[in-house]
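Heads up, the thing below is written out as structure tokens.
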């Protein structure tokens, strides 16, 4: 990665010589990950206002190294670029460059003070605190900082920040609220492969295409097959999962079969009885001003852990193919019961 996307900004030297900094290295990250208290890793409390090393490097370093400012936007030298239609083709690379820079401008943006209008770029620039968030690279950099924090949490589960009940202005969350990513609806995985199915019709069998697992993803700690957005089922059933056995059926042996990966069971709801609307499926999102808890008919996600089978099979192949069978209470295949939005294979650290 280049020191700057517009390295000519430093005509008399590189960014490294101008700022005496270096790109975050694997050694840097290993040293930061080895810290065992939050004061050193993330920072001190209000009574010990120290920056943590995560903020200094890689956070601050990535902002400075990424840069982004182009000192010549072209608009002053080539003013007709401002008046030409944005979509009009042009062979003049100078005008094209001017448009490219202007496209990053955010309408209605307010700076901190009047002088900033003249000293800060009119485009997103990671090197400037005032414009960093207008640069698209800002977001993956911060997503990675979040991931590093999560990785460190796993190594140091009891090393929490001070002042856990402090509010993180301008939001209403406290520090304590952010210690677990799960309530925010996301997780970090080595790999995830989603295959849509659709809720229009029930299925009795699901067969995926072979899924290629790269070398990095093979280092997973746990593997799960997930059934996404499954409505309440009228009858009880099992769902059996096989890997790399596309011809599996209800009579396929389970014991001693390395391809049998696991199963899940569903306790069927049966016929629905109740007052008006009780049995209706809920809308995709709650209605305005509807503060009731989640409807009992809300579709759910189901998981089948398939770690042992996946690891065994991946010793001799780099592909996994999923077969799911719906087995009814009579231990025969049930083709008219299960509906779901999709199936995924998720590899977790």
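Values quoted throughout were computed directly from the atomic coordinates according to the rules given, and no laboratory measurement underlies them. Note that the structure is a prediction, hence the values are computed from the model and not measured. A quick note on method: Cβ atoms are made from the backbone with ideal geometry, for glycine too, and the neighbour counts reach across all protein chains shown.
Extension gain for residue 294-residue 129 works out to 55.3 nm (0.36 nm per residue, less the C-alpha to C-alpha distance). Take the Cα of residue 329, go 7 Å toward its beta carbon, and the backbone nitrogen atoms of segment 262-284 under 13 Å from that spot belong to 266-271. Given segment 154-300 reduced to its alpha-carbon atoms as identical point scatterers, what log10 I(q)/I(0) does the Debye formula return at q = 0.11, 0.14, 0.19 Å⁻¹? Log10 I(q)/I(0), no solvent term: -0.75, -1.05, -1.29.
For the pair residue 169 and residue 255, label points projected 7 Å from Cα toward Cβ lie 6.7 nm apart. All distinct Cα pairs of segment 113-235 go into the 1/r average, and the inverse of that average, the Kirkwood radius, is 19.7 Å. You can think of it this way: the chain between residue 49 and residue 139 has 29.8 nm of extra reach, that is 0.36 nm per residue less the Cα-Cα gap. Taking packing as the residue-averaged number of other Cβ atoms within 10 angstrom, the listed peptides 234-240, 40-46 run from highest to lowest as 234-240, 40-46. Relative to one another, the C-alpha centroids of segment 202-232 and segment 260-286 are positioned 23 Å apart. Stretching residue 181 away from residue 194 to a fully extended chain increases their span by 2.6 nm, per 0.36 nm per residue minus the current alpha-carbon distance.
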